Each structure stands twice: as C-alpha cells, then as structure tokens.
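Data first, discussion second: the structure below is written as structure tokens.
The values are calculated or read from the model by the stated rules, or taken from the named source; none is laboratory data. Keep in mind the model is a prediction, meaning the values are calculated, not measured. Using ideal geometry, Cβ is built from the backbone for each residue, glycine included, and neighbour counts are taken over all protein chains shown. For accessibility, only protein heavy atoms count, side chains too; no ligands or nucleic acids. Shrake-Rupley method; radii C 1.70, N 1.55, O 1.52, S 1.80 Å.
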Amino acid sequence: MTEEAENLDPTAAPDYHDVEQVEMVASFDGETVADEQDEWVPADGFVDGTGTVRIWVGPQGEPERIWLSRYWRNQMAKVPLSVLFAEPMLQISLHCGEPLVPPPMEIDLPDSNELSGPELDAVLDAEYEELSKALDAVISAGGGQGHWIHEPAEGTAEQGRVQVCLDMRGCPQAVSFDDQWLANASASQVIRAVTQAWGDARSRYVAPVYEPGPYDLVLAKFEALMVRRERAFARGLDLLGPITDEVRDRARQMEAGQEDHE
C-alpha cells in the first residue's frame, strides 16, 4: 500500500483547502447575475459562521431543537465549542429579545379643579422654570439616569458540568462546558445537556426591576405638568388671558400654600 493510501481516512472530515472555489452565476442578456439565495426565516434556525451549531427556538426564545454538525469535534479543535454556541445565541438575543423599557413613574397630580385661567397658567410657568433648572443641574452633575436591578439567571446540567447564562431580557448569553466532561461527551449528550441547562436557567429567570434616578424624576414631573395643562384646556379654561402682576402674586401665594399643606 502506498503512503498516500495509508493517509486516507474514510471517517475524517473532508479538506477543501486545495479545492478551487468556483462562483456559480447565471447570464441573462449579456448581464451576469449572482445566484440568489432564499431569504432567511426563523424556521431555518440560528447558525454559527462555520455551520457547526444550529439552534431553533420558539416564539419566546425558548430552545426547541439544537443540532451539531457531523464534524463538530474537528471544528472544536480550532474554536472552543462555547464560542461556536455564542454566535447563534447572540442572533437569538437580537431576534427574540424585547427591549427593556423603563416603566412610567407615577406622579401625584393636584385636584382637577386647581386654580383657574391665567392664575393656573402662572403656576405652571413657574413650575416649568423650576423644573428646567433642576434638569440642568442633573445634567451638569453627570449621571442621574436610573438603572436596572437584576440577578443573572444561570442554569446547569450534568451536575454543573454544563452551564447556560441568560441576559437581563431572558435571552441566552453564554454556555460553558467542563473540558474533561466534554472530551468524552457525544453530540447527543452535548445537545441534551445544553437544552436542560437552558431550561433550568429560564426557570430561574426573574425580570429586572428599574430603579429611577433624579433624571427620570424630573422628566416625569415635566410630563405631569403637561397633563395638568391639558386637563385645564379640557375644562375649557382660558389659559391665554392676560397675566398681571396681581395674578402672578396670587398664584405664587396659592402655590406656596399648597407646598406648606404638603
């Protein structure tokens, strides 16, 4: 047997490094048109760039099926399996994850019959000026934004040898493997373990809670101010009448009385 024949292994992955790549094109009326591929749909699954890992998920991003290529170990020798999983998981996060939107802050509004006409307009103008100063102060101080409070959701399988971590939205963020366990695991064992760990993480997931900051509070007060003005217009009040110094003084006195009462 020749040396070349001895090096042939029918079970080894094919090596295409020496194969010339030929681009298939179609010609129409003298123009070259590239072969069009079908548009991707979620039913095709989320796959990494090497085609080693493909994941199908449900409407809420829950794992439905995981597939490993026949030559996954050959690819794993070049790139860690956790990295190969990371790409489709990122795609799932971008496709299925809902954006986190801070909930609206509840601001107590005064009685709907507060003041009237120009007097109310004077009060609202004064409050608007104060809020504008407060907003400038918050911005100048830096920060002031609220933040999300969240505990990472982690799930395990195979007695902790496989771990899946979810992000704040409950989407898959990362998977890690115990190297010793992975060295002897079959493709079906890897798939089953990742699915179980993923499901375990989802069962532990708790939605994050938003803690507002000074910036959020000032913006909420601005919105409440607009609501008060809109309610006044809805009652048919004329907020555009002349505002005299006497009206302004009376409005400030009434506003000060409300603050003392609070």
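Its alpha carbons considered, the range 117-199 gives a radius of gyration followed by a Dmax of 26.2, 81 Å. Note on E64/I107: beta-carbon distance plugged into 1/(1 + (r/R0)^6) with R0 of 45 Å gives a FRET efficiency of 0.55. Could you compute the FRET efficiency for K78 and W148, with r as their C-beta to C-beta distance and R0 at 35 Å, rounded to 0.05? My answer for the efficiency is 0.40. For the range 82-225, carbon and sulfur atoms together expose 52% of the accessible surface, with a 1.4 angstrom probe and every protein chain in place. Which FRET efficiency value, to the nearest 0.05, do you get for H95 and S186 by plugging their Cβ-Cβ distance into 1/(1 + (r/R0)^6) with R0 = 25 Å? Calculated value: 0.30. Note on D178 and V227: their simple-model spin labels are 5.4 nm apart, each label 7 Å out from Cα toward Cβ.
Counting only heavy atoms of the protein chains and using a 1.4 Å probe, W148 has close to 70 Å² of accessible surface.
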